[in-house]
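Notes for the one structure printed next.
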Amino acid sequence: MKENFVIDLGQILDEVFEATRNFGESFQEEMKRGWNEKVDFYPSYSYPPVNVYITADKSMVLEFALAGFREEDLDLRFQGDYMIFSAESPNLEPEGEVHYFKRRLKLKAIEAQRYFVPEDKYDREKVKATFINGVLRVVIPPNEIIETKDGIKIEIVREDA
């Protein structure tokens with residue numbers, strides 16, 4: 001008898017949302033206690049090599065090692081509380097048939113890596129991104145005035161039975 005293979009999409013999405021919530025809570029806790037360089041907030045991104053740090057003036061800095069990439073292949077954008085980084089892969093494949101003795105240089109496309117940059121804490125209008133010698137450096141300064149959004153009052157109505 002053939003067994004059915006069942007994928008519980010609801011459970012998968014619950015795990016994704018739980019991981020996102022845990023990341024936000026972990027990030028906030030670390031920021032309250034002071035910075036701990038041994039905590040990796042982006043463990044799933046191993047390519048390209050990247051440094052993410054905060055300077056003394058509270059600017060967030062992201063440095064991506066992108067040897068072989070061209071500036072026009074890179075894409076940076078903000079979406080909600082995240083900076084999204086993508087890049088098209090440069091084509092370094094030699095023409096014709098080749099036989100490698102060693103192959104460690106394998107460039108691949110980078111698809112929508114998300115880096116947490118809270119919209120209310122950083123000034124997205126003053127971001128500076130430079131691409132020099134294969135290193136993309138993105139500096140995001142803090143907002144000078146952190147705006148707090150007023151909550152929305154929920155009216156409670158008594159319902160007579």
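Between Glu72 and Lys106, what's the calculated FRET efficiency when r is the beta-carbon distance and R0 is 30 Å? Round to 0.05. Each step should come with its number before you reach the end.
Numbers: r = 21 Å, r/R0 = 0.71.
Step by step, r from the Cβ atoms, then E = 0.90.
Starting from 0.36 nm per residue, how many nanometres of slack lie between Leu13 and Ala129 once their C-alpha separation is accounted for? Numbers along the way, then the final one.
Working: separation 116, 0.36 × 116 = 41.76 nm, distance 3.35 nm.
Extra length available between Leu13 and Ala129 comes to 38.4 nm.
Please give the charge dipole size of region 56-133, origin at the Cα centre, charges +1 on K and R Cβ atoms and -1 on D and E Cβ atoms. Round to the nearest 20 debye. Don't skip to the answer; put the middle values down first.
Working: 13 positive and 16 negative charges, 78 e Å.
That gives a dipole near 380 debye.
For the pair Ser26 and Asp57, how long in nm is the line joining their label points, each one 7 Å along Cα→Cβ?
Between Ser26 and Asp57, the simple spin-label model gives 3.1 nm.
For the peptides 62-68, 72-78, what is the packing order when you average, over each peptide's residues, the other Cβ atoms within 10 Å and list the highest mean first? If you can, show how the numbers build up before the last one.
Numbers: 62-68: 17.1, 72-78: 13.4.
Descending mean neighbour count gives 62-68, 72-78.
Cβ neighbours within 10 Å, averaged per peptide: list 83-94, 11-22 in order, most packed at the top. Present the calculation step by step, with values, prior to reporting the outcome.
Details: 83-94: 14.0, 11-22: 10.3.
Ranking the peptides 83-94, 11-22 by packing returns 83-94, 11-22.
Roughly how big is region 110-149's charge dipole about its Cα centre, with Cβ charges of +1 (Lys, Arg) and -1 (Asp, Glu), in debye to the nearest 20? Spell out each step's value before the answer.
Values: 7 positive and 7 negative charges, 32 e Å.
That gives region 110-149 a dipole magnitude of about 160 debye.
Taking region 92-152 as the region of interest, what is the percent of Cα-Cα pairs per 5 angstrom bin, listed from the shortest bin to the one with the maximum distance?
Per 5 Å bin, starting at 0, the Cα pair percentages come out as 4, 11, 13, 16, 13, 10, 9, 7, 6, 5, 3, 2, 2, 0.
For Ala65, put the label point 7 Å out on the Cα→Cβ axis and report which residues of region 92-136 keep their amide N under 18 Å from it.
Taking a point 7 Å out along Cα→Cβ of Ala65, the residues of region 92-136 whose backbone N falls under 18 Å are 103-110, 131-136.
Taking the Cα-to-Cβ direction at Glu119 and at Gln79 and moving 7 Å from each Cα, how far apart do the two end points lie in nm?
1.3
No value in this document is a laboratory result; all are computed from the given coordinates. Quantities reported herein were computed from a predicted structural model and do not represent experimental measurements. Backbone-built Cβ (ideal geometry, glycine too); neighbour counts: all protein chains shown.
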